[in-house]
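S.K.: My questions will all concern the structure given below.
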């Protein structure tokens, strides 16, 4: 893990609007990593486009269907029909199988992630059916704890930036990409505080305004 206090200071010093969000939202506390990159990716695929409870129920049935351990080998040994029977759509069953295949053949070298930079990991993961750039970026940020991820296509990050900076309309991804340059090498921290700005705007706390 990187130096969180230093990273938060960099973000706050680079942008008064983000400094106000930081002051109101408190410490940088992203959700804990699952601790198993393969299981985290499988979970990400299953949770796509599903509400929390439904996704959790399907995930639990999926784990049971493959024998209780989320590994590439367990998935490859489980017929697609059994995955479908656990509630996976045809597309998600195929995506899970593709993840297991590519993790097994080294296309996605999960044991060597520490040796790869962010863009290389995104490129490798994007070869897997059902995994696009956004899913790969969330994996980098939350599972691997990479410090400089800036998911400009994420609606929550765009919305949070717009709210924090009191913009009249939603910022476009290209403009957000440029704005993020000031936060290197800690853009992950800036992204997290953009999400917090959305929470603040929903009434969890009063969103600070510019003086």
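The values are calculated or read from the model by the stated rules, or taken from the named source; none is laboratory data. Just so it is clear, the model here is predicted, and its values are computed rather than measured. Every residue, glycine among them, receives a Cβ derived from its backbone with ideal geometry; neighbour counts consider all protein chains shown.
S.K.: Return yes or no: is residue 96 assigned by TED's automatic domain parsing to the domain that holds residue 43, within 17 Å of residue 44 (Cα to Cα) and within 19 Å of the chain's Cα centre (by Cα)?
M.R.: yes
S.K.: Right, something else. Out of the residues in the range 32-43 that are more than 17 Å from residue 130 (Cα to Cα) and in contact with a helix residue (DSSP H, G or I) (Cβ under 6 Å, 6 or more places away or on another chain), state the one that is surrounded by the most Cβ atoms within 10 Å (Cβ to Cβ).
M.R.: Start the filter on the range 32-43 by keeping residues that are more than 17 Å from residue 130 (Cα to Cα), which leaves 32-36.
Within this subset, residues satisfying the condition of being in contact with a helix residue (DSSP H, G or I) (Cβ under 6 Å, 6 or more places away or on another chain) are 33-34.
On the way: 33: 15, 34: 17.
Filtering first and then ranking leaves 34.
S.K.: Out of the range 44-60, which residues are touching a residue at least 24 places away in the same chain (Cβ under 8 Å) and either crowded, with 17+ Cβ neighbours inside 10 Å or assigned to a loop (DSSP other than H, G, I, E, B) (or both)?
M.R.: Within the range 44-60, 44, 45, 46, 48, 58 meet the criteria.
S.K.: Give me the pairs, please: first residue somewhere in the range 92-108 and without any contact (Cβ under 8 Å) to a residue 12 or more places away in the chain, second residue anywhere and part of a helix (DSSP H, G or I), beta-carbon distance under 9 Å, and either six or more positions apart or on two chains.
M.R.: 106/112
This table checks each residue for (1) surrounded by 14 or more Cβ atoms within 10 Å (Cβ to Cβ); (2) under 17 Å from residue 28 (Cβ atoms); (3) in contact with a helix residue (DSSP H, G or I) (Cβ under 7 Å, 6 or more places away or on another chain); (4) outside the structural domain of residue 11 (by TED's automatic domain parsing).
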site	(1), (2), (3), (4)
161	yes, yes, yes, no
167	no, no, no, no
176	yes, no, yes, no
180	yes, yes, yes, no
192	yes, yes, no, no
199	yes, yes, no, no
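S.K.: Still on this structure, please answer the following. Please tell me if residue 136 is assigned to a helix (DSSP H, G or I), assigned by TED's automatic domain parsing to the domain that holds residue 72, in contact (Cβ under 8 Å) with a residue 24 or more places away in the chain and surrounded by 19 or more Cβ atoms within 10 Å (Cβ to Cβ).
M.R.: Numbers: assigned to a helix (DSSP H, G or I): yes; assigned by TED's automatic domain parsing to the domain that holds residue 72: yes; in contact (Cβ under 8 Å) with a residue 24 or more places away in the chain: no; surrounded by 19 or more Cβ atoms within 10 Å (Cβ to Cβ): yes.
Considered against the rule, which asks whether it is assigned to a helix (DSSP H, G or I), assigned by TED's automatic domain parsing to the domain that holds residue 72, in contact (Cβ under 8 Å) with a residue 24 or more places away in the chain and surrounded by 19 or more Cβ atoms within 10 Å (Cβ to Cβ), residue 136 comes out as no.
S.K.: Against the definition (part of a helix (DSSP H, G or I), under 26 Å from residue 73 (Cα atoms) and more than 18 Å from the chain's Cα centre (by Cα)), how does residue 103 come out, yes or no?
M.R.: Yes: the conditions hold for residue 103.
S.K.: Looking only at the range 106-119, how many residues end up being outside any helix (DSSP H, G or I) and at negative phi? Write out each step before concluding.
M.R.: The initial filter retains those residues of the range 106-119 that are outside any helix (DSSP H, G or I), namely 106-109, 116-117.
From what is left, the residues that are at negative phi are 107-109, 116-117.
Selection size over the range 106-119: 5.
S.K.: Follow-up question, since we're still on this one. Select from the range 141-159 the residues that are without any contact (Cβ under 8 Å) to a residue 40 or more places away in the chain and more than 19 Å from residue 17 (Cα to Cα) and write down the one among them that is surrounded by the fewest Cβ atoms within 10 Å (Cβ to Cβ).
M.R.: 153
S.K.: Hey, another quick one. Would you mind stating whether residue 122 is in the same structural domain as residue 54 (by TED's automatic domain parsing), at negative phi and outside any loop (DSSP other than H, G, I, E, B)?
M.R.: yes
S.K.: What about residue 97, is it at pLDDT below 95 and out of contact with any strand residue (DSSP E or B) (no Cβ under 8 Å at 6 or more places or on another chain)?
M.R.: No: the conditions fail for residue 97.
S.K.: Just to verify a result, which residue in the range 67-89, among those that are part of a loop (DSSP other than H, G, I, E, B) and within 25 Å of the chain's Cα centre (by Cα), is surrounded by the most Cβ atoms within 10 Å (Cβ to Cβ)?
M.R.: 88
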